[in-house]
Amino acid sequence: MFSKYYPLLFEPNLHTVIWGGDTITKWKGLPANEKPIGESWEVSAVPSSVNIISNGEYRGKDLVAFIDSNPEEILGSHVARQYHNQLPLLVKFIDARRDLSIQVHPNDEMAQRLHHKRGKSEMWYVLDAAPGAFLYAGFAKSLVSNGNGDVSNNRETVINAYRRRVADGTIVDTLAKHEVKAGDVFYLPAGRVHAICGGILLAEIQQSSDVTYRIFDYNRLGIDGKPRELHTELAAEALDFRVEDDYRTQYSYEPERPNVLVDNTFFTVRITEMTSPYHFNLLEEDSFVIVMCLKGDCRIVVHGATEAVQLKEGYSAFIPATVANYEIIPDNKDGFTKVLDAYVG
């Protein structure tokens, strides 16, 4: 029998978008879908697309209702207090068959002021990339040349230059372009311009928010045959125009142990490759844990439980804070599992 709380699995939560493909449905072993699937919302409490639990006692219950039943035990007491009993993270798998729009997200202050929502800082972990595939993150050069790239003292001048470049379609020429491979990581704080481009499959961990400002979309039409809406002025307010030396996240890596990729106010994200059972005890973090299985099926056994929860490659689990003491056991013919986990430290 399951204990009161256990690792939750979820029904598929797929999103059709013009730039998507069929990689996610194939990876998950789901029926073929003629529509382009760009995103799988693995763990979501966003009101427009809440995940439904697919296993155990809470099967059929939505994640928001589950959390509402006992937010301190499920989210962790400090997370529940800080985020008013709401899940602060949203995690996705993203399949970019074609280029996504050039976009930016607001910070918490702006998102709350204008939309009564959270801002959106996020990170990407690249799972697969076609040869030559690339993405955009940050500005490669100042929009207004002043000799040293410092644009902080003439923001209105920079915004006017930004408007001109959006209008004539040359905004892309100012962006930092990064060729990518599996294992690459990018942290994208709110305000950083970005776009995933065609040929990339990645995992995304972000603040729980659906606020996106589209800057440029290559003048293409949406699925409905109409031009996609741009948010030029909102993006102008949200954008951080500073030019950084390096936008790629550097991290150290060792097998058979968790490796921290990103650790900040919003989330801690780690990657672990294992060929034997590994014990994770995150009770001291007082936070829920989201586990994304990137390679090789595995089983999750909560300390003291008599049954395991099987987590298949391409799927994710939500572990309530009160049972965040568990073992992950590789459960496939290769005896190898790679997982990404995320929590609020």
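The values are calculated or read from the model by the stated rules, or taken from the named source; none is laboratory data. These figures come from a predicted structure and were not determined experimentally. Cβ coordinates were reconstructed from backbone atoms using ideal geometry, including for glycine residues, and neighbour counts include every protein chain displayed. To get the accessible areas, we keep the full protein, side chains included, count just its heavy atoms, and leave off ligands, DNA and RNA. Shrake-Rupley method; radii C 1.70, N 1.55, O 1.52, S 1.80 Å.
Below is a table of values for the structure above.
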quantity: Long-range Cα-Cα pairs in region 8-238 (distance over 34 Å), rounded percent; calculated: 20 percent
quantity: Choice from Gly20, Gly304, Gly225 with maximal GNM fluctuation in the chain (Cα, 10 Å cutoff); calculated: Gly225
quantity: Compactness of region 195-266, expressed as Rg and Dmax over alpha-carbon positions, Å; calculated: 17.0, 50
quantity: Violating pairs (Cα-Cα greater than 24 angstrom) within the set Lys181/Lys295; Lys26/Lys117; Lys92/Lys338; Lys61/Lys312; calculated: Lys26/Lys117
quantity: Quotient of C-alpha Rg and 2.2 N^0.38 Å, computed over region 257-343; calculated: 1.01
quantity: Modelled FRET efficiency - R0 25 Å, Ser48 with Asp263, Cβ distances, 0.05 increments; calculated: 0.30
quantity: Approximate spin-label separation Thr232-Tyr251, in nm, with each point projected 7 Å along Cα-to-Cβ; calculated: 3.8 nm
quantity: Globularity ratio of region 199-336, using Cα Rg and 2.2 N^0.38 Å; calculated: 1.38
quantity: Highest to lowest packing among 120-129, 254-263, scored as the average C-beta count within 10 Å; calculated: 120-129, 254-263
quantity: Accessible surface of Asp224 - all protein chains present, 1.4 Å probe, nearest 10 Å²; calculated: 110 Å²
quantity: Gaussian network model of the chain, springs between alpha carbon atoms under 10 Å - residue of Arg214, Arg299, Arg164 with greatest fluctuation; calculated: Arg164
quantity: Efficiency of FRET between Glu72 and Lys333 - r from beta-carbon atoms, R0 45 angstrom, step 0.05; calculated: 0.65
quantity: Proximal charge balance of Ala203 [Cβ under 9 Å; K/R count +1, D/E count -1]; calculated: -1
quantity: More than 25 angstrom apart: percent of Cα pairs within region 120-271; calculated: 35 percent
quantity: Isotropically averaged projected area of region 1-86, using the convex hull of Cα atoms (one quarter of hull area), nm²; calculated: 6.9 nm²
quantity: Packing-based order for 231-242, 174-185, 280-291, using average beta carbon neighbours within 10 Å, highest first; calculated: 280-291, 231-242, 174-185
